[in-house]
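Remarks on the structure that follows.
Bear in mind these aren't lab numbers, they're just calculated from the coordinates by the rules spelled out. The model shown is predicted, which means the values in this text are computed figures rather than measured ones. Backbone-built Cβ (ideal geometry, glycine too); neighbour counts: all protein chains shown.
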Amino acid sequence: MATLLELGQEQYISLETFRKSGQGVKTPVWVVGDGDKLYVWTQGSSWKVKRIRNNSQVRLARSDQRGQTSGEWVSAQARILDTPEEKAKMRQRLVKKYGLMARLFLLFGRLRGNQDAQVVIEIQPA
């Protein structure tokens, strides 16, 4: 079984969040590992954020950019971080791991004016 540390080294993971009905919804995301936690950068108004606010249980697996998983699923807990300090740390993590791709991604977000609408999803062992 993969550990959070190993999943943090992947280019993409599939993040499964759960609807109120219990049905899982899988989304491929960039992920950054830092210590024993994983971090994901996303729109604060996204459905995955709304589902996490309702139910912090998540599952993770290695995946490609289309969400095709490979490997076993790992259960974890997620929480939403939206302070300016956490967002700044996340931008640094993204640039460190993804380099030019992250810089472009962040630049386009800034140009669209939605940089403040982003949040950080912190994931830790269940």
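Annotations for the structure displayed:
- Along the stretch 97-109 the Karplus relation, 6.51 cos²θ - 1.76 cosθ + 1.60 evaluated at θ = phi - 60°, assigns HN-Hα couplings of 7, 9, x, 4, 4, 5, 4, 5, 4, 5, 5, 4, x Hz to successive residues, with x for each Gly and Pro.
- Where Cα atoms sit under 25 Å apart: lysine pairs in the chain separated by 8 or more or lying on different chains: 22
- ASP34 sits among other residues whose Cβ lies under 11 Å from its own Cβ, and their net charge, with Lys and Arg +1 and Asp and Glu -1, is +3.
- Distance distribution note for the stretch 4-125: the fraction of Cα pairs above 26 angstrom is 14%.
- Prolate is the label for the stretch 1-55. Its Cα gyration tensor axes, ordered a ≥ b ≥ c, give a/c of at least 1.5 and a/b above b/c.
- Here's the picture: a label point sits 7 Å out from the Cα of THR83 along the beta-carbon direction, and within the stretch 29-58 the residues with their amide nitrogen under 19 Å of it are 34-42, 44.
- Based on alpha carbons, the Rg and Dmax found for the stretch 73-126 are 12.6, 37 Å.
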